[in-house]
Amino acid sequence: MSAKPISLQPFAPRVFSGVQPTGNLHLGNYLGAIKRFAELQHRHDCVYCIVDLHAITQAPEVWGGPEGLMRATREVAAAYIAAGIDTKKHIVFNQSQVAEHAELAWVFNCVARMGWANRMTQFKEKAGKDRENASVGLFAYPMLMAADILVYRATHVPVGEDQKQHLELTRDIAQKFNNDFGDRIRALGLASGEYFPLAEPLIAGPAPRVMSLRDGTKKMSKSDPSDYSRLNLTDDADAIVQKIRKAKTDPEPLPSEPEGLKGRPEAENLVTIYAALEGSDPAAVLRQFGGGQFSAFKSALADRAVASLAPIGAEMRRLTADPAAIDAVLAEGAARARAIAGPVMAEVREIIGFIRS
Ligand code: AMP
Ligand code: TRP
């Protein structure tokens, strides 16, 4: 049976992004990703995924085992909803409910070259010194990520800066697939040869790289052993105030212009965070606080952070208290996701020559 072409158009705009359910959602996830997911929904069709298949590429201790995975999956869903994503208009679901992700990932494992995957810095960071002991899945992670995006033929992908290299690989995979199977794609009349779009990263934004509160040269991360390194979305007001009070700074007063932040990573990070939360820019923040001591700035930053994050945390706690309601949102999102991914995967099977009757 041959699949009907779903689109002869150059691609309709569609946004796709994902967050791993590995616990400790933090301010970097919010400013670099989730806050922007919510902004994009007013202009585009969006598909937002909780990438549980990606989470298990690391050891079970890292993602908390079955119970931890379920809790973290619902927590990311709650964060999406608390940040304002409308799950009636847009699709929110967890990756493992849509088998096409894993199926297309296998095809992409066969399209991507070892040399491409070998260059991925995130693999090197996550595998650490003991590379022999990393899972094969961790190495294949970027091909699954390409599948996530391309199984919806998504055109735009909002992510933090750390994902830039993975998106370049996604484009390379799309291009190689289009080339390798170009004749077949045209013969089937599926597209003018460009079956998959070259998805664009959306990395701009006020804080594409939020740094640790303990060390301004390291990114804020879910896996940092020090909880004081990050503001978690579920932190209450007291915790936020404490963490900002203890955040590392340097002895100089704040500069009055952004150039003065060069070589002062902690100061730069706090000013960037303030600007991102306020929706302004570092120059405006420094016009207000330049020349002053960190203590006054920190207490203003703490107020700002509490005003932005505490309501999200409270809403997340309210939502996660009813797991069945969240699971219903995910089930409905997964059904809508399958309705897009199913026909694309059917076409991919036909392009490659997998018989299916
Ligand atoms: P992850 O927690 O690795 O699944 O990341 C989810 C999203 O948050 C991705 O788009 C990341 O690029 C983004 N992200 C993670 N950490 C940071 C950070 N420190 N600053 C900005 N964005 C981040
Ligand atoms: N790799 C991303 C991260 O660590 C998560 C992710 C998986 C993703 N699949 C994706 C992001 C597809 C954007 C699009 O943050």
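The values are calculated or read from the model by the stated rules, or taken from the named source; none is laboratory data. Predicted model only: the values in this text are computed from it and were never measured. All Cβ positions, glycine included, derive from the backbone under ideal geometry; neighbour counts span all protein chains shown. These area figures cover heavy atoms from the full protein model, side chains too; ligands, DNA and RNA do not enter into them. Shrake-Rupley method; radii C 1.70, N 1.55, O 1.52, S 1.80 Å.
So that you can scan it fast, the table gives a plain yes or no per residue for (1) free of Cβ contacts under 8 Å to residues at least 40 places away in the same chain; (2) in a loop (DSSP other than H, G, I, E, B); (3) open to solvent by 50 Å² or more (accessible area, probe 1.4 Å); (4) not charged (D, E, K, R):
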site: Ser221; (1), (2), (3), (4): no, yes, no, yes
site: Lys243; (1), (2), (3), (4): yes, no, no, no
site: Asp250; (1), (2), (3), (4): yes, yes, no, no
site: Pro255; (1), (2), (3), (4): yes, yes, no, yes
site: Gly260; (1), (2), (3), (4): yes, no, no, yes
site: Val271; (1), (2), (3), (4): yes, no, no, yes
site: Tyr274; (1), (2), (3), (4): yes, no, no, yes
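What single numbered condition from (1) open to solvent by less than 60 Å² (accessible area, probe 1.4 Å); (2) in contact with a strand residue (DSSP E or B) (Cβ under 9 Å, 6 or more places away or on another chain) fails to hold for Glu168?
With respect to (1) open to solvent by less than 60 Å² (accessible area, probe 1.4 Å); (2) in contact with a strand residue (DSSP E or B) (Cβ under 9 Å, 6 or more places away or on another chain), Glu168 is out only on (1).
Could you please find all residues in the range 304-357 being polar (S, T, N, Q) and either part of a helix (DSSP H, G or I) or open to solvent by less than 40 Å² (accessible area, probe 1.4 Å) (or both)?
Correct list: Ser308, Thr320.
Which is within 11 Å of ligand 1 (Cβ to nearest atom) and open to solvent by 50 Å² or more (accessible area, probe 1.4 Å), of Arg209, Arg214?
Arg209
Among the candidates Leu198, Leu190, single out the residue that is open to solvent by less than 20 Å² (accessible area, probe 1.4 Å) and either within 25 Å of Ala341 (Cβ to Cβ) or of a type outside the set (Ser, Thr, Tyr) (or both).
Just a single option satisfies the conditions, and that option is Leu190.
How many of the residues in the range 26-53 are in contact with a Phe, Trp or Tyr (Cβ under 9 Å, 6 or more places away or on another chain) and of a type in the set (Phe, Trp, Tyr)?
Counting residues in the range 26-53 that are in contact with a Phe, Trp or Tyr (Cβ under 9 Å, 6 or more places away or on another chain) and of a type in the set (Phe, Trp, Tyr) gives 2.
Test Ser212 against the criterion of being of a type in the set (S, T, N, Q) and closer than 22 Å to Ala307 by Cα, and give yes or no.
Spelling it out, Ser212 is indeed of a type in the set (S, T, N, Q) and closer than 22 Å to Ala307 by Cα.
Which of the residues spanning the range 223-241 are buried (at least 19 other Cβ atoms within 10 Å of the Cβ) and not in a loop (DSSP other than H, G, I, E, B)?
Once the filter is applied, which keeps residues that are buried (at least 19 other Cβ atoms within 10 Å of the Cβ) and not in a loop (DSSP other than H, G, I, E, B), the range 223-241 yields Ser229, Asn232, Ile240.
May I ask you to list the residues in the range 276-303 that are surrounded by 14 or more Cβ atoms within 10 Å (Cβ to Cβ) and part of a loop (DSSP other than H, G, I, E, B)?
Correct list: Ser280, Asp281, Gly290, Gly292.
I'd like the full set of residues that are open to solvent by 40 Å² or more (accessible area, probe 1.4 Å), acidic (Asp, Glu) and modelled with pLDDT of 95 or more, limited to the range 126-148.
Glu132
Which numbered condition trips up Val151, out of (1) farther than 13 Å from His101 by Cα; (2) more than 13 Å from ligand 1 (Cβ to nearest atom); (3) open to solvent by less than 10 Å² (accessible area, probe 1.4 Å)?
(1)
Criterion first (touching a residue at least 12 places away in the same chain (Cβ under 8 Å), farther than 26 Å from Asp224 by Cα and among the aromatic types (Phe, Trp, Tyr)) does Phe37 satisfy it?
no
For the range 1-113, list the helices (runs of 4 or more DSSP H) that sit wholly inside it and hold at least 1 residues that are open to solvent by 20 Å² or more (accessible area, probe 1.4 Å), charged (D, E, K, R) and away from ligand 2 (no atom under 13 Å from the Cβ); which are they?
Result: 35-40, 60-63, 65-82, 100-111.
Hey, any hits in the range 56-73 for a residue that's aliphatic (A, V, I, L, M), modelled with pLDDT of 95 or more, touching a strand residue (DSSP E or B) at 6+ places or on another chain (Cβ under 6 Å) and assigned by TED's automatic domain parsing to the domain that holds Thr155?
Among the residues of the range 56-73, not one is aliphatic (A, V, I, L, M), modelled with pLDDT of 95 or more, touching a strand residue (DSSP E or B) at 6+ places or on another chain (Cβ under 6 Å) and assigned by TED's automatic domain parsing to the domain that holds Thr155, which makes the answer no.
Are there any pairs, at least 6 apart or on different chains, whose C-beta atoms fall under 6 Å, with the first in the range 9-31 and closer than 9 Å to Ala154 by Cα and the second basic (Lys, Arg), and if so, which?
Phe11/Arg153
Take the range 154-191 and flag every residue that is within 13 Å of ligand 1 (Cβ to nearest atom) and either in a helix (DSSP H, G or I) or closer than 12 Å to Ala112 by Cα (or both).
Glu161, Asp162, Gln163, Lys164, Gln165, His166, Leu167
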